[in-house]
Amino acid sequence: MGVTNSNKVINTDRIPCDGTLRVTLALTAAPDIVSNPTDIVLVLDRSGSMTGTPLADMKVGAKTFIDLIDEATDSSQDGQIGSGSRMGVVSFSNTAVADTQLITSVDVLKAAVDNLSAGGSTNHADAFAKAIQLFDPASANAKVMVMFTDGNTTIGAPPAPVAAAARAQGIIIYCIGLIGSDGLDITALNDWATDPDASHVAVTPNAADLEELFAELAANISKPGATEIVIDEVVNPDFVITSISSPTKGSATMLDAHSLQWNIAQLGVTSSESAVLDFFIRHVGQQTGTKLVNESITYSDKEGNVVSFPKPMVSVECDIVVHPEPCPEPVELTVEGCQDSVLVDLGNVYLESQGRIIQMDVTIQNVCPGKRVALAAILTEVDRDGMEHQRGMKAFTIPAHSAPVCRDVLVKCIKFVVPEDLSASGGAMCSPRKFKARFLANNIDTDYRCCESTLTL
């Protein structure tokens, strides 16, 4: 049956600027339909919300599915599903009906699809029940159910227990969802489908995509499992890969900070089989926005299965950061093992005077878009008697931001040099010193706010 489904999902749709999220890749494969005769039931939604284009596009997709299975079973579209496989059609609205039994005639199957008309409510429970009745428990054929729907359950019993009963009987359930006018409960589709959810559910907001979804599922059902699988994932440059969990099948390797490769020797060669890989990425960009998680993802295997993965997006919220002065670049060094000394050449440092550097960050709260801010930083030193002595003042103009709402602005790396010969402590060289820092922040045309902090060196 080849690779019968693939998916890519993320565990959240919103993260902070430096946030981390989990990405899940999933595949399902099964033996080819010739060596593994399969009974397939198409369960098709014909409720009122399917009226017009959705119903027409669904019919095209379902008939394409039938043609591909016909060709796969005997190498030609001869109007008969061969090699012991069979197919049936169930449709549903207020109630479900078996439009055909499990048969091999392509013309009868297509006629059943063509005769569908839309109207009524959505009864998923009865649809599952009628589909289960088509399967012969005594048959050795594999059993597959393809549920298509465009909406939420509006009538009838809860469908989840009926779907669970089908899975308990060994029926593999795939769900194809169209986000229709009444919405679609994707969580419900995940609940109904065979695990893992990520590889048994495909959802689209566009009815024109239905033919492709049906065709991809049929094409992959017809191929013999998959061997020598290679999946190359490259994440968006605004993200880095932080860790990779051990996949349920095969091995995954991080190639660099932005890419990984997942290799699987074989999947679904003797029976239906799924594989899942989780990895974690962290946002390292500076811009707020809705961003694609991956830059590219490619799939290949020895059998030539055609596999595409969704392109999930995540909303990233970044604080506004201003650097009024450049921060010094750190120099990395390593001390090996139990070395008790190390010699490192860090280049030249020019001595201006004996002293210390105080570096401070401050957050200006609730800065509204389009407003420049005047920021003053005042540093004083406190002597033993509590008297303050001026040690420096710096003023900055913080540029206006263009975020849609008022935001906090983080100003980083405000630095003061405090010479030792100005120490107010009166003690020896490098003795503790006490400082106070004050920040004044004004919109250019509004009142200022003041904050004070005490520093001890």
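Observations, loosely collected:
- Heavy-atom accessible area ranking, 1.4 Å probe, most first, across Ser423, Ser75: Ser75, Ser423
- Taking 0.36 nm per residue of separation and subtracting the current Cα-Cα distance, fully stretching the chain between Ser296 and Leu410 would add 37.7 nm.
- FRET efficiency, 1/(1 + (r/R0)^6) with R0 30 Å, evaluated for Ser35 and Gln133 via beta carbons: 0.65
- Modelled this way, with points 7 Å down the Cα-to-C-beta line, the labels at Ser76 and Ser121 are 5.0 nm from one another.
- Whether the stretch 231-275 is rounded, prolate or oblate, judged on the alpha carbon gyration tensor where a/c under 1.5 counts as rounded: prolate
- This model, with +1 at the C-beta of Lys and Arg and -1 at the C-beta of Asp and Glu, gives the chain a dipole about its Cα centre of some 1160 debye.
- Full extension of the chain between Leu343 and Ile444 gives 31.2 nm of extra length, using 0.36 nm per residue less the Cα-Cα distance.
- Between Thr397 and Thr187, the FRET efficiency from the beta-carbon distance, with R0 = 56 Å, is close to 0.65.
- Cross-link pairs beyond the 26 Å C-alpha cut-off, checked among Lys371/Lys394; Lys59/Lys249; Lys130/Lys249: Lys59/Lys249; Lys130/Lys249
- Going by accessible surface with a 1.4 Å probe and the largest first, Ile132, Ile155 read Ile155, Ile132.
- Cα shape, the stretch 101-248, gyration tensor, a/c 1.5 rule: prolate
- Fully extending the segment from Thr204 to His389, taken as 0.36 nm per residue of separation minus the present Cα-Cα distance, adds 59.8 nm.
- Each residue, Ser431 and Arg167, gets one label point 7 Å from its Cα in the Cβ direction; the gap between the two is 7.4 nm.
- Global geometry of the stretch 337-416, whether rounded, prolate or oblate, following the gyration tensor of its Cα atoms and the 1.5 cut on a/c: oblate
- Charge sum, other residues only, whose C-beta stays under 9 Å from Leu178's C-beta, Lys/Arg counted +1 and Asp/Glu -1: -4
- Between the C-alpha center of the stretch 244-287 and that of the stretch 70-108 there is a gap of 36 Å.
- Of the trypsin sites (Lys or Arg not before Pro) in the stretch 54-137, not one is in a loop by DSSP (not H, G, I, E or B) with at most 16 other beta carbons within 10 Å.
- Pairwise FRET efficiency - Ala265 versus Met313, Cβ, R0 = 30 Å, nearest 0.05: 0.40
- Scaled radius of gyration (Cα, divided by 2.2 N^0.38 Å) that the stretch 127-191 gives: 1.17
- Remark: spin-label model distance Val306-Leu422 equals 7.3 nm, labels positioned 7 Å along the Cα→Cβ axis.
- Distance between the C-alpha centres of the stretch 53-69 and the stretch 141-197: 19 Å, rounded to the whole angstrom.
- Per residue accessible area of the chain, 1.4 Å probe, in Å²: 48
- DSSP finds beta bridges in the chain, and of those with both partners inside it, around 75 percent are antiparallel.
- Student exercise, the stretch 1-124 dipole from Lys, Arg, Asp, Glu Cβ charges, in Debye to nearest 20: 460
- Of the accessible area of the chain, computed with a 1.4 Å probe over protein heavy atoms only, carbon and sulfur atoms account for 51 percent.
- Secondary-structure-derived ellipticity at 222 nm for the chain, considering helices only, amounts to -4500 deg cm²/dmol, per-run term -39500 (n - 2.57) for DSSP H runs with n ≥ 4.
The values are calculated or read from the model by the stated rules, or taken from the named source; none is laboratory data. In this text the structure is predicted, and so the values were computed from the model without any measurement. With ideal geometry, Cβ positions are generated from the backbone for all residues, glycine too; neighbour counts draw on all protein chains shown. Side chains included, ligands, DNA and RNA excluded: accessible areas come from the protein's heavy atoms. Shrake-Rupley method; radii C 1.70, N 1.55, O 1.52, S 1.80 Å.
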